[in-house]
């Protein structure tokens with residue numbers, strides 16, 4: 001991969017983000033408009049870009065290549081999950097705040113950064129590997145991710161009780177552990193939660209990624225009108241997604257971004273040291289340069305927005321999570337080219 005070309009592509013991304021920043025600061029782009037554009041990117045443009053890449057790249061993807069890519073992505077996520085436990089311990093993060101660093105470690109911004117950067121830097125043929133990562137991302141965020149956030153919610157709920165001196169007998173008197181009704185309610189609640197989690201996995205991102213993989217594997221005929229509609233819609237992805245990111249950056253005060261030394265240390269590990277370690281591991285057995293380049297970008301991505309949305313939904317504190325997302329987005333403009341120098 002040409003390092004100068006990669007740097008120039010990241011410079012283009014930075015300029016597009018700057019457009020969003022200026023538009024938001026000038027009041028031309030509002031929060032309501034940002035939400036609307038985000039909806040378009042997530043539900044129309046990104047899925048269309050994925051499908052368009054599969055339609056334009058003629059020829060079937062060998063099943064062996066698909067399995068190799070899926071196995072490589074699964075290995076990378078396993079390593080990220082392992083380090084999501086180790087890094088907070090290394091940084092001595094309080095137990096109540098570890099979920100922030102766990103989510104920032106595992107879930108990169110595939111939608112707003114991964115798709116457009118891989119498309120711009122590696123070409124549309126890399127998007128099949130991005131689609132495979134997207135499938136795993138969506139499965140993990142609604143299984144492992146929600147379990148981490150639910151645990152954090154329980155910890156935050158227990159903290160006030162402990163501070164107020166509530167003892168175990170008082171808690172049991174409110175909801176006795178041996179109560180058959182309490183157990184039934186708990187089991188029913190868990191079943192409802194599991195069913196909701198499975199339904200959430202079947203979202204636009206997962207379905208479009210699955211269809212993309214299916215098109216690559218079968219190469220079906222696609223009507224010209226449908227192909228053109230998908231192409232025009234997908235071509236808007238890069239610009240619109242960068243505009244939204246610029247608006248998100250402008251919405252956070254500068255002092256808040258510069259207030260945490262721990263976050264800077266975390267980002268140095270997560271955005272540079274960990275991607276380099278994973279890349280050196282992958283180089284031992286990944287022979288496809290396109291897959292290796294795609295995975296190098298995937299592990300170097302800034303933190304994604306989905307953990308923030310889920311945290312808001314569960315009523316967890318999200319200021320530190322927002323800080324990590326925005327700072328990592330800034331830093332990736334430098335760290336992605338640095339990591340890719342080792343390809």
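The values are calculated or read from the model by the stated rules, or taken from the named source; none is laboratory data. Note that this is a predicted model, so its numbers are computed, not measured. Ideal geometry is used to build each Cβ from the backbone, glycine not excepted, and the neighbour counts take in all protein chains shown.
Which residue, of 316, 280, is out of contact with any helix residue (DSSP H, G or I) (no Cβ under 9 Å at 6 or more places or on another chain) and more than 22 Å from residue 11 (Cβ to Cβ)? Spell out how you get there, then give the answer.
Numbers: 316 fails: out of contact with any helix residue (DSSP H, G or I) (no Cβ under 9 Å at 6 or more places or on another chain).
Answer to the check: 280.
More than 25 Å from residue 75 (Cβ to Cβ) and either under 16 Å from the mean Cα position of the chain (by Cα) or free of Cβ contacts under 8 Å to residues at least 40 places away in the same chain (or both): which single residue out of 299, 326 fits that description? Steps first, please.
Values: 299 fails: more than 25 Å from residue 75 (Cβ to Cβ).
So the residue among 299, 326 that is more than 25 Å from residue 75 (Cβ to Cβ) and either under 16 Å from the mean Cα position of the chain (by Cα) or free of Cβ contacts under 8 Å to residues at least 40 places away in the same chain (or both) is 326.
Could you tell me which numbered condition residue 132 fails, if it satisfies all but one of (1) surrounded by fewer than 22 Cβ atoms within 10 Å (Cβ to Cβ); (2) farther than 25 Å from residue 264 by Cα; (3) at pLDDT 85 or above?
(1)
Could you list, in sequence order, the residues of the range 38-66 that are over 18 Å from the mean Cα position of the chain (by Cα) and over 15 Å from residue 214 (Cβ atoms)? Steps first, answer last, please.
Looking only at the range 38-66, we keep the residues that are over 18 Å from the mean Cα position of the chain (by Cα), and these are 48, 51-66.
Hits for the range 38-66 are 48, 56, 58, 64.
Just checking: which of the helices (runs of 4 or more DSSP H) contained wholly in the range 7-91 hold 2 or more residues that are surrounded by 18 or more Cβ atoms within 10 Å (Cβ to Cβ) and at pLDDT below 85?
Values: elements: 31-40, 46-56, 63-90.
Those helices (runs of 4 or more DSSP H) span 31-40, 46-56.
Which of the residues belonging to the range 223-260 are without any contact (Cβ under 8 Å) to a residue 60 or more places away in the chain and over 18 Å from residue 54 (Cβ atoms)?
If the condition is that a residue be without any contact (Cβ under 8 Å) to a residue 60 or more places away in the chain and over 18 Å from residue 54 (Cβ atoms), then 253, 254, 255, 258 are the ones that fit.
If we scan the range 155-162, do we find a residue that is at pLDDT 80 or above and within 20 Å of the chain's Cα centre (by Cα)?
No, the range 155-162 contains no residue that is at pLDDT 80 or above and within 20 Å of the chain's Cα centre (by Cα).
Can residue 330 be described as farther than 17 Å from residue 17 by Cα and surrounded by fewer than 21 Cβ atoms within 10 Å (Cβ to Cβ)?
Values: farther than 17 Å from residue 17 by Cα: no; surrounded by fewer than 21 Cβ atoms within 10 Å (Cβ to Cβ): yes.
Spelling it out, it is not the case that residue 330 is farther than 17 Å from residue 17 by Cα and surrounded by fewer than 21 Cβ atoms within 10 Å (Cβ to Cβ).
Within the range 229-272, how many residues turn out to be exposed (fewer than 13 other Cβ atoms within 10 Å of the Cβ) and modelled with pLDDT of 90 or more?
2
Being surrounded by 20 or more Cβ atoms within 10 Å (Cβ to Cβ), within 17 Å of residue 116 (Cα to Cα) and touching a strand residue (DSSP E or B) at 6+ places or on another chain (Cβ under 9 Å), is that true of even one residue in the range 303-319?
Yes, there is a match, as at least one residue in the range 303-319 is surrounded by 20 or more Cβ atoms within 10 Å (Cβ to Cβ), within 17 Å of residue 116 (Cα to Cα) and touching a strand residue (DSSP E or B) at 6+ places or on another chain (Cβ under 9 Å).
Taking the condition within 25 Å of residue 148 (Cβ to Cβ) and free of Cβ contacts under 8 Å to residues at least 12 places away in the same chain, does residue 309 pass?
Details: within 25 Å of residue 148 (Cβ to Cβ): yes; free of Cβ contacts under 8 Å to residues at least 12 places away in the same chain: yes.
Against the criterion (within 25 Å of residue 148 (Cβ to Cβ) and free of Cβ contacts under 8 Å to residues at least 12 places away in the same chain), residue 309 qualifies.
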